[in-house]
Structures are given as C-alpha cells and as structure tokens.
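Only the coordinates and a few stated rules stand behind these numbers; no lab work does. Just so we're clear, the structure is a prediction, and the values are computed from it rather than from any experiment. So basically every Cβ, Gly included, is an ideal-geometry build from the backbone, and we count neighbours across all protein chains shown.
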Amino acid sequence: MADDPAFPQQPLEPVLDDEQEREREALRDSADSIARLLDSVVQIPGTSIRVGLDALLGLIPGLGDWIANFIGSTILFLAVKLDVPKIVIVRMAFNIGVNTMIGAIPGIGDLFSIWFRSNLKNAQLLRRYTSKRITRATPGDWLFVMGLLIGTFAITIGTFALLLWGFQSIWNVESRSLQLG
C-alpha cells in the first residue's frame, strides 16, 4: 500500500505552467523590490552600510515607523497570494512587529531597523517558500513560532502577575493608611 501510487506518502506539488510561474516570479520580484526600497536602497558613502526608507521614515516621530511597516506589510499580502505556509506568514508578521515596536524607540529604533532589516528577511522567506525546492514549513519554523507563542504567553502571565502584585501593594498601603488615620 505504501508503494501504491493512489496513496502517495507526500502530497503532490501542483504543476505550474510557464505563465503561472512567470506570474509567481513577478510577485517575488515585487516583494524583493519593496524590501530593497525599505531596507537597502541607498549606500552610505564611504561605508558598506545600506539604508532604506524604513530608517528614513523612522526619523518622523510616531508616524514614520507605522508608515514604513504598513508598506512592508504588502510583502505579507504577496506571501498569502503565493500560498506561503501560514506558519511562515506568522514568522514574517513577527518580524514586522518587532521592527515596529523597537523601531518606535527614538534613535535606537532607527539603528535597529538598519541592522534588523525585517523587509529583506521577509522577502527572503517568501522566495524560499515559493521556490520549487521547498514547499512546506521546516521544523525550525515551527520551533521559532512555538517559542514565540510560549514567550508571549510567559510575558502576558508575568505582566498580569506584576499588575496584581502592584494593585495588592497599593491596596495594602491604602488599608494601612485608613487603619492609622
């Protein structure tokens, strides 16, 4: 039964004609172009450091990082259109989220954006998971996302415990002041 062609061991990949593959390549090229524009369009003279609109827009307080990450989110839409595994899309969204949160810190956030390059990472993930060689998420992708979820859960529980402790401390101080007064 294992050798029976009616019951393949792995799912068969869809066969794409040349036109479909050209369309997919055009979408991958679009993702690459967006990533380069946001993360590495200009080289700083005299250095090998490249910057893009992400770091430059980040100089606009409050709004710049959101605009840059909104533009970078189009890579996620391209990934959905190209049927990238959902677990990889979660990983891509995490890259954008980290860039948004740390990028919002004045000064440090812009340097982080130049170093982290979330859009280039996402374009590479998109290309990697839409090539003919790899069509499924790797165990590393699952471990990354599981670690992310566990870490998020731990931070949420820790924050909740810290808030409860803070409210309890305030309540105890108020109770003591009422007893004394």
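Scanning region 102-112 for residues that are more than 12 Å from Gly64 (Cα to Cα) and either among the acidic types (Asp, Glu) or within 13 Å of the chain's Cα centre (by Cα) (or both) returns a single hit, Ile102. Looking at region 86-94, can you tell me whether even one residue there is of a type outside the set (A, V, I, L, M, F, W, C) and under 30 Å from Arg28 (Cβ atoms)? Yes; the residues of region 86-94 include at least one that is of a type outside the set (A, V, I, L, M, F, W, C) and under 30 Å from Arg28 (Cβ atoms).
All conditions but one from (1) without any contact (Cβ under 8 Å) to a residue 40 or more places away in the chain; (2) farther than 25 Å from Glu21 by Cβ apply to Val80; the one that does not is (2).
Taking helices (runs of 4 or more DSSP H) that fall entirely within region 83-181, which contain at least 1 residues that are loosely packed, with under 10 Cβ neighbours inside 10 Å and of a type in the set (Gly, Ala, Ser)? Give the steps one after another, and end with the answer.
Numbers: elements: 86-103, 108-116, 118-128, 139-180.
Because the criterion is at least 1 residues that are loosely packed, with under 10 Cβ neighbours inside 10 Å and of a type in the set (Gly, Ala, Ser), the helices (runs of 4 or more DSSP H) in region 83-181 that meet it are 139-180.
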